[in-house]
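The structure appears below as structure tokens.
Rule-based calculations on the coordinates, nothing more; no lab input. On a predicted model such as this, the values are computed, not experimentally measured, just so you know. Positions of Cβ are generated from backbone atoms using ideal geometry, with glycine treated the same way; all protein chains shown enter the neighbour counts.
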Amino acid sequence: MTASPEAVGAARGAAQAASDKLATDIIALDVSEQVVITDVFFLCSGANDRQVRAIVDAIEDRLRAEGSKPIRREGEREGRWVLLDFGDIVIHVQLAEERVHYALERLWKDCPLIDLELHDHELSDHEAAQD
């Protein structure tokens, strides 16, 4: 089984919103075969807590405009790692150093990347390394 078209569409919308706020290392992983509670893990990084909050707000606004509402939102107060749970997609926006420390991509390295249809200059370091 692969991620639902709705989850992939939400990941692409989140990617564009994050990119608009200059997020870095934007990726989405299809975790549908590994995790039963969601289809996609979306990850991106911000340089500081203010940027993390701006990225989160932009993603939430974009997905809400597309008809999705988060089930849960955690970590916003600290702005170091914010999680938005939309059910079929779980979004992680992290400070760059948190991203390196927790290395979620490494934990889920066996899961396929989702093509987020971003332009080349917006590709994550992870995606660029695979090309």
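Hey, got the dipole for region 16-59? About the Cα centre, +1 on K and R Cβ, -1 on D and E Cβ, debye to the nearest 20?
260 debye
Which of the listed residues, Ala54, Ala96, Phe86, is farthest toward the dipole's positive end in region 5-115, when Lys, Arg count +1 and Asp, Glu count -1 at the beta-carbon?
Going by the Cα projections, it comes out as Ala54.
Charges at C-beta only: +1 for Lys and Arg, -1 for Asp and Glu. How large is the resulting dipole of the chain about its Cα centre, in Debye rounded to 20?
520 debye
Share of antiparallel DSSP beta bridges in region 5-115, in percent to the nearest 5?
Bridges in region 5-115 that DSSP calls antiparallel: roughly 65 percent.
For region 22-35, take each phi angle, set θ = phi - 60°, evaluate the Karplus expression 6.51 cos²θ - 1.76 cosθ + 1.60, and give the result in whole Hz per residue in order, putting x for glycine and proline.
Going residue by residue, I get 6, 5, 10, 6, 7, 9, 9, 10, 7, 9, 4, 8, 9, 10 Hz, with x marking Gly and Pro.
Roughly how many nanometres apart are two label points built 7 Å out from the Cα toward the Cβ at Ile71 and Glu97?
3.3 nm
Evaluate the distance, in nm, between pseudo-label points positioned 7 Å from the Cα of Asp61 and of His119 along their respective Cα→Cβ axes.
2.0 nm
Would you kindly state how much longer the chain becomes between Leu22 and Ala47 on full extension, computed as 0.36 nm times their sequence separation minus their alpha carbon distance, in nm to one decimal?
8.1 nm
If neighbour count is taken as other Cβ atoms inside 10 Å, put Glu97, Glu76 in order from fewest to most.
In order of increasing Cβ crowding within 10 Å: Glu97, Glu76.
Which residues make up the longest stretch of the chain that has no trypsin sites (Lys or Arg not before Pro) in a DSSP loop with at most 12 other Cβ atoms within 10 Å?
Answer - 1-76.
Given Cα pairs under 8 Å that are at least 6 residues apart, what percent is the relative contact order of the chain? Could you put the intermediate results ahead of the total?
Details: 238 pairs, mean separation 38.7, N = 131.
That works out to 30 percent.
At q = 0.10, 0.23 Å⁻¹, what log₁₀ I(q)/I(0) does the chain have when each alpha carbon counts as one equal point scatterer in the Debye sum?
These q points yield log10 I(q)/I(0) values of -0.26, -1.59.
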